[in-house]
Structure formats: C-alpha cells, structure tokens
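*Asks:* Dropping the structure in here first, questions after.
Every number in this text was worked out from the coordinates using simple rules, so none of it is lab data. Being a predicted model, the structure only gives us computed values, none of them experimental. Here the Cβ is made from the backbone with ideal geometry for all residues, glycine too, and neighbour counts use every protein chain on show.
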Amino acid sequence: MQLTLVRLAGPSPQDSPGVRPIGECDLEGVGRLYAAAFPGGEVGDEATAIADVRASWDGEYGEWLPSASLLAEVDGRAAAAILVVDSPPWDDVSDLVFIIDLFTDPAHRGRGLGELLVRSALAAVEPGRVVGLRVEDENEGAVRLYRRLGFRERS
C-alpha cells in the first residue's frame, strides 16, 4: 500500500557541503543515477530514467523547484538526488510541494545522504508550506526516515 506523508517545510542544516541545486547540465547524470538506484528495472532502462528526470525538469509532474531539487556529490560524482515540485498534477496532492523522488546510488547508501537531501530541500521550501511525498509502506527504511524527519500520514 502506498502512503502519502506530509509535514511543514522547516529549518535544516545551514551548510550542506557537496549539496547543490540540480542544473540542466546535470539532468543526464541524474537520470543515470536514477536508473542505477533502481537496478531491478523499476524505473525502466537508463534512457527511460533520463527521460523521466527531464520530464520532471520540464514541469510534467508540477512546477520544478530549483532551490529544493538537489544533488549530493561525493568526490565530485553524483551520489544522491531529490526531485521536488510545486502543485503536482495529481488531485490528492495538488495543493502540496511534493517530493517526487529521492534516490541514492547503492554504493553510497547508509551514509545519511537521503536525510541530508530531505532536510536541505525542506529548508529551501517557503516556510509554512506543506511538503508531501508518497512511499510504499513495505519500504521500511524510507518510511522510518520520513517519520524521523516529522512526516505523518495525510488525513
């Protein structure tokens, strides 16, 4: 079952070394990272993943938020990313700022990059806005992370 979780935007670390907004020149690399993060073909092949990241940038899933859509680099290489939009096209969440995806290269998992990106994205969103996301309830690690960061089920 898919959960929709929400929380208010809010403060996070002031300085996040290695974290920066995703630029247009990063889209192909972020797409490759997206495919690598889901090696079982969950997001399709690399070309499909790149096209999906480009569609996010182009506004297909809501207004791209450049200050909250972030890339974490380790040793100058893409290691994790978060894609955030405003007013997504899905009726049940159209009033939210929405995390459409958070993904980490398998080689960099367990190092806190996902948490760092979520905290940094939350800090970049206008205070008082409600931020939401969807997560499969069986993805226990992700559910645990989001709950630890203050996300709760939307009523």
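*Asks:* Can you check what the net charge comes to around A51, using other residues whose Cβ is under 13 Å from the Cβ of A51 (Lys, Arg +1; Asp, Glu -1)?
*Replies:* On the way: positive: R32, R54; negative: E28, D45, E46, D52, D58, E60.
Value of the local net charge: -4.
*Asks:* Loop-only check: which GluC sites (Glu not before Pro) in the stretch 9-62 are DSSP coil with at most 10 other Cβ within 10 angstrom? Mind dumping the intermediate values first?
*Replies:* Details: sites: E24, E28, E42, E46, E60; in loops: E42, E60.
Those that pass, being in a loop and sparsely packed, are E42.
*Asks:* Please check: in the Gaussian network model of the chain (C-alpha springs, under 10 Å), which one of G29, G76, G114 has the largest mean-square fluctuation.
*Replies:* G76
*Asks:* Figure the gain on full extension for R109 and E140 (residue separation times 0.36 nm, minus the Cα-Cα span) and round it to one decimal in nm. If you can, show how the numbers build up before the last one.
*Replies:* On the way: separation 31, 0.36 × 31 = 11.16 nm, distance 1.45 nm.
Fully extending the segment from R109 to E140 adds 9.7 nm.
*Asks:* Counting other Cβ atoms within 10 Å, which GluC sites (Glu not before Pro) in the stretch 118-155 have at most 13 and lie in a DSSP loop?
*Replies:* Details: sites: E136, E138, E140, E153; in loops: E138.
Passing both the DSSP loop test and the Cβ count: E138.
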